[in-house]
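Trainee: Quick one: the structure is below, questions incoming.
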Amino acid sequence: MAEEIRGPVGQPPGAQGAPPSGAKAAKGKGTLVGAMVWMFVLSLLLFWLPLLGMFIAGLVGGRKAGSVGTALLAVFLPALVVAGLMFLLATALTGMPLLGAIAGFGVGVLIVANVVPLLAGAVVGGMLA
């Protein structure tokens, strides 16, 4: 007379098809702006770790980006905007385009030096996302 308790479609109890409550979110849910903000904030906070700080910032930003492509865009877009603005501002402040170009190029070199570890971290973070 003891009846066996069965779940949906003849499955044993507890074998429902619903994911557990702590299930991981779907991949690719990151945003470009969120990744850039995380990279910027962590770069400022971890400035005292010359290469490792930028790598960590890129790693976290890459994970927040959700994919390698978005992570690369999150690295290069701010770098190109800042380099372009520095070139324009240096030219406007000096009044001489050649001197502004030299100053803008110098800032561009410094930005590229900071992008390398950030880029490496972003690629790894994007692959881990």
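The values are calculated or read from the model by the stated rules, or taken from the named source; none is laboratory data. None of the values given here were measured: they were computed from a predicted structure. Cβ coordinates were reconstructed from backbone atoms using ideal geometry, including for glycine residues, and neighbour counts include every protein chain displayed.
Trainee: Within region 103-122, count every residue that is more than 20 Å from VAL41 (Cβ to Cβ), surrounded by 14 or more Cβ atoms within 10 Å (Cβ to Cβ) and modelled with pLDDT of 85 or more.
Mentor: Result for region 103-122: 0.
Trainee: Okay, moving on. Could we say that ALA35 is at pLDDT 90 or above, more than 12 Å from PRO117 (Cβ to Cβ), surrounded by 20 or more Cβ atoms within 10 Å (Cβ to Cβ) and not basic (Lys, Arg) here?
Mentor: In short, yes.
Trainee: Name the residue that is farthest from the chain's Cα centre (by Cα), counting only residues in region 41-82 that are hydrophobic (A, V, I, L, M, F, W, C) and part of a loop (DSSP other than H, G, I, E, B).
Mentor: Within region 41-82, the match that is farthest from the chain's Cα centre (by Cα) is TRP48.
Trainee: From ALA79, ALA57, grab the single residue that is crowded, with 22+ Cβ neighbours inside 10 Å and out of contact with any strand residue (DSSP E or B) (no Cβ under 6 Å at 6 or more places or on another chain).
Mentor: ALA57
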